[in-house]
Amino acid sequence: MHIDELLALAKTQKSNPNLVLTIPSGWSQGRTAYGGLSAGLLYAAAREYIEQERVMRSNSTNFVGPLIAEKPFTITVEVLREGKNVSHVMVRAIQENKTCVVSQICFGNSRESSISVPNQDTHNIASPLRDAFIRAAPKVTPAFLEHLDLSIQDGGLPFSTQKSSHYHGWMKFKKAPAVFTDAHLISIIDAWPPTLLQMLSAPAPASSVSWNLEFIHPQRTISGNDWLAYQAHTRHAADGYGHTEANIWDKDGELIAISRQTVAIFD
């Protein structure tokens, strides 16, 4: 099932608050739904409650519990506050009467300001090479990778006993979305393995605990076929938890998003 179909369903939640959704197994990672997609679905539902002039400024998602693929769930949307310039929305994915994923999203109008500090971060990641793609392999890689291309330019495959704990590379959808939206951007950013898994010598479970995204505006139009650059580094890891930061650039080298995650590792 293409991501456009799933996002289109989530967008109908406002007109159908009792909407029941199911994420197919092809979008799973283990028994749970792929976290990027679940966050993207919550955003798609929330977007319908806010006027289009207000763009997403930040999105903070907590993965409270497993959202199981192939099982029905519902989405609830609560507009916490709608001020003159900024709106705050809380969205939840609820399965079997349990909150599984919750996102708090901030939307804001653009305003005239005398302050302007241009982004100075750039990257020198080499163009994506097909022989550097993470290959989808049944029972080895997450099922959702059948929908995405990830090209590692620096960093190692999970469980390959690397000394590095960073990733530099590129990402895109295998089948281009009809129109690339913020929901697609959220959905693809989380596709990369946790930076720490490459340091392990054998498979071990890992899961995102919290995920914070910040978005740089204005943005150029992103085509569904565009490669997006990704550069993630581990800031700290100890006691079974890792803290990572990542920058995401469009194909022209413009910074479009900043990602921060707390990841639990069960080695």
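The values are calculated or read from the model by the stated rules, or taken from the named source; none is laboratory data. What you see is a predicted model; the values in this text were computed from it and never measured. Heads up, the Cβs are rebuilt from the backbone with ideal geometry, glycines too, and the neighbour counts pull from every protein chain shown.
Among the residues of the range 162-182, are any in contact with a strand residue (DSSP E or B) (Cβ under 9 Å, 6 or more places away or on another chain), without any contact (Cβ under 8 Å) to a residue 40 or more places away in the chain and under 25 Å from residue 4 (Cα atoms)?
Scanning the range 162-182, I find at least one residue that is in contact with a strand residue (DSSP E or B) (Cβ under 9 Å, 6 or more places away or on another chain), without any contact (Cβ under 8 Å) to a residue 40 or more places away in the chain and under 25 Å from residue 4 (Cα atoms), so the answer is yes.
Output the number of the condition that residue 237 fails; it satisfies all remaining conditions of (1) of a type in the set (A, V, I, L, M); (2) touching a helix residue (DSSP H, G or I) at 6+ places or on another chain (Cβ under 7 Å); (3) not in a strand (DSSP E or B).
(3)
Out of contact with any Lys or Arg (no Cβ under 6 Å at 6 or more places or on another chain) and either modelled with pLDDT under 95 or part of a strand (DSSP E or B) (or both): does that describe residue 112?
Yes; evaluated as a whole, the condition is true for this residue.
Take the residues in the range 28-37 that are of a type in the set (Gly, Ala, Ser) and crowded, with 24+ Cβ neighbours inside 10 Å; name whichever of them is nearest to residue 142 (Cα to Cα).
Restricting to residues being of a type in the set (Gly, Ala, Ser) and crowded, with 24+ Cβ neighbours inside 10 Å, the top hit is 33.
Please tell me if residue 79 is of a type outside the set (Ser, Thr, Tyr), in contact with a Phe, Trp or Tyr (Cβ under 8 Å, 6 or more places away or on another chain) and at negative phi.
Criteria met by residue 79.
If I filter the range 231-258 down to residues being closer than 30 Å to residue 221 by Cβ and among the aliphatic types (A, V, I, L, M), which single residue comes out as surrounded by the fewest Cβ atoms within 10 Å (Cβ to Cβ)?
So the residue we want is 258.
Specify which of the listed residues (207, 259) is touching a strand residue (DSSP E or B) at 6+ places or on another chain (Cβ under 9 Å), closer than 27 Å to residue 67 by Cβ, at pLDDT below 95 and assigned to a strand (DSSP E or B).
Within the list 207, 259, the selection yields 207.
Taking the range 216-230, which residues are under 19 Å from the mean Cα position of the chain (by Cα), touching a residue at least 60 places away in the same chain (Cβ under 8 Å) and surrounded by fewer than 19 Cβ atoms within 10 Å (Cβ to Cβ)?
Once the filter is applied, which keeps residues that are under 19 Å from the mean Cα position of the chain (by Cα), touching a residue at least 60 places away in the same chain (Cβ under 8 Å) and surrounded by fewer than 19 Cβ atoms within 10 Å (Cβ to Cβ), the range 216-230 yields 216, 217, 227.
Residues in the range 32-45: is at least one under 26 Å from residue 257 (Cα atoms), among the aromatic types (Phe, Trp, Tyr) and touching a strand residue (DSSP E or B) at 6+ places or on another chain (Cβ under 7 Å)?
yes
Does the range 191-214 hold any residues that are under 19 Å from residue 46 (Cα atoms) and surrounded by 19 or more Cβ atoms within 10 Å (Cβ to Cβ), and which are they?
211, 213
Do we find that residue 153 is touching a Gly at 6+ places or on another chain (Cβ under 8 Å) and either touching a residue at least 60 places away in the same chain (Cβ under 8 Å) or part of a loop (DSSP other than H, G, I, E, B) (or both) in this structure?
Considered against the rule, which asks whether it is touching a Gly at 6+ places or on another chain (Cβ under 8 Å) and either touching a residue at least 60 places away in the same chain (Cβ under 8 Å) or part of a loop (DSSP other than H, G, I, E, B) (or both), residue 153 comes out as no.
Looking at 113, 103, can you tell me which residue is among the small types (Gly, Ala, Ser), under 16 Å from the mean Cα position of the chain (by Cα) and more than 23 Å from residue 172 (Cα to Cα)?
Unique residue meeting the criteria: 103.
State which residue is surrounded by the most Cβ atoms within 10 Å (Cβ to Cβ) when the search covers only the range 110-143 and only residues that are in contact with a strand residue (DSSP E or B) (Cβ under 6 Å, 6 or more places away or on another chain) and within 23 Å of residue 266 (Cβ to Cβ).
That would be 134.
What residue, among those in the range 147-200 that are among the hydroxyl-bearing types (Ser, Thr, Tyr) and within 17 Å of residue 237 (Cα to Cα), is farthest from the chain's Cα centre (by Cα)?
Ranking the candidates gives 161 first.
Kindly evaluate residue 40 against the criterion of being under 23 Å from residue 168 (Cβ atoms), buried (at least 17 other Cβ atoms within 10 Å of the Cβ) and either modelled with pLDDT of 95 or more or charged (D, E, K, R) (or both).
No.
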